[in-house]
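Undergrad: Here you go, one structure.
The values are calculated or read from the model by the stated rules, or taken from the named source; none is laboratory data. Just so it is clear, the model here is predicted, and its values are computed rather than measured. In this analysis, Cβ positions are derived from the backbone assuming ideal geometry, glycine residues included, and neighbour counts consider all displayed protein chains.
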């Protein structure tokens, strides 16, 4: 089945530093990938839609200058959390849709747990 | 009003019983509906999706959709302790890009 690989699975960083999270579709091409964030005991909140070859579209309330998204190829999207603060500590999950499968659902990566100290 | 609403639970059922999970959505134009299961600390995994009114069965799981009432449900028959997890209802937002909007999830506890 379709696999989405997300790396790293866990990262701890100091306040003020930047962290990059990678999301790869391993056996399919994805023109669109989605980035979600999940705080403890809450649901997944859509942050942005990553579009291959163009700018990402951000949901209301998500700072595009803080959460930089790059979708450089049909199999890779990256999310960079810039100048991270403790309140950015969360579980970040990417998902992707196989562009070759019309009605296929989204496939999720295993998530990245970010802890900012 | 939230786009997707679920009762947070916990819903507690005995082993072997039927668990019924409910979800309502606000956008009448929504066409695609998904149920995901999420274990603590893990990413969601897809259980079922449904596009048409009525029932869709897959093993112990049955998804039910009523677009007129803007309601989708998931039934789990013969519930097992391993089914204990948070069940997330997701609705594809109308328009392009396949954006999925998630409900807050219902925590299910199946006790032996």
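Undergrad: Can you confirm whether residue A:114 is exposed (fewer than 14 other Cβ atoms within 10 Å of the Cβ), within 16 Å of residue A:7 (Cα to Cα) and over 10 Å from the mean Cα position of the chain (by Cα)? First the steps, then the outcome.
TA: Details: exposed (fewer than 14 other Cβ atoms within 10 Å of the Cβ): no; within 16 Å of residue A:7 (Cα to Cα): yes; over 10 Å from the mean Cα position of the chain (by Cα): yes.
Against the criterion (exposed (fewer than 14 other Cβ atoms within 10 Å of the Cβ), within 16 Å of residue A:7 (Cα to Cα) and over 10 Å from the mean Cα position of the chain (by Cα)), residue A:114 does not qualify.
Undergrad: Go through segment B:56-85 and give me each residue that's under 14 Å from the mean Cα position of the chain (by Cα) and exposed (fewer than 12 other Cβ atoms within 10 Å of the Cβ).
TA: Answer for segment B:56-85, where residues must be under 14 Å from the mean Cα position of the chain (by Cα) and exposed (fewer than 12 other Cβ atoms within 10 Å of the Cβ): just B:58.
Undergrad: Would you pick out the residues in segment B:62-81 that are within 17 Å of residue B:37 (Cα to Cα) and either modelled with pLDDT under 95 or part of a loop (DSSP other than H, G, I, E, B) (or both)? Please lay out each step first, then the result.
TA: Here is the first cut: in segment B:62-81, the ones within 17 Å of residue B:37 (Cα to Cα) are B:62-64, B:72-81.
Of everything in segment B:62-81, those that are within 17 Å of residue B:37 (Cα to Cα) and either modelled with pLDDT under 95 or part of a loop (DSSP other than H, G, I, E, B) (or both) turn out to be B:77, B:78, B:79, B:80.
Undergrad: What are the residues in segment B:27-61 that are part of a loop (DSSP other than H, G, I, E, B), within 11 Å of another protein chain (Cβ to nearest Cβ) and under 15 Å from residue A:38 (Cα atoms), if any?
TA: Matches in segment B:27-61: B:40, B:41, B:42, B:43, B:44.
Undergrad: Out of everything in segment B:88-112 that is at pLDDT 90 or above, part of a loop (DSSP other than H, G, I, E, B) and at the interface with chain A (Cβ under 9 Å from one of its Cβ atoms), what residue ends up being farthest from the chain's Cα centre (by Cα)?
TA: This residue is B:104.
Undergrad: Take segment B:55-79 and flag every residue that is touching a residue at least 24 places away in the same chain (Cβ under 8 Å) and touching a strand residue (DSSP E or B) at 6+ places or on another chain (Cβ under 6 Å).
TA: B:61, B:63, B:65, B:70, B:71, B:72, B:73, B:74, B:75, B:76, B:79
Undergrad: In segment A:52-117, which strands (runs of 3 or more DSSP E) lie fully inside it and hold 1 or more residues that are within 13 Å of another protein chain (Cβ to nearest Cβ) and in contact with a strand residue (DSSP E or B) (Cβ under 9 Å, 6 or more places away or on another chain)?
TA: A:67-73, A:90-96, A:112-116
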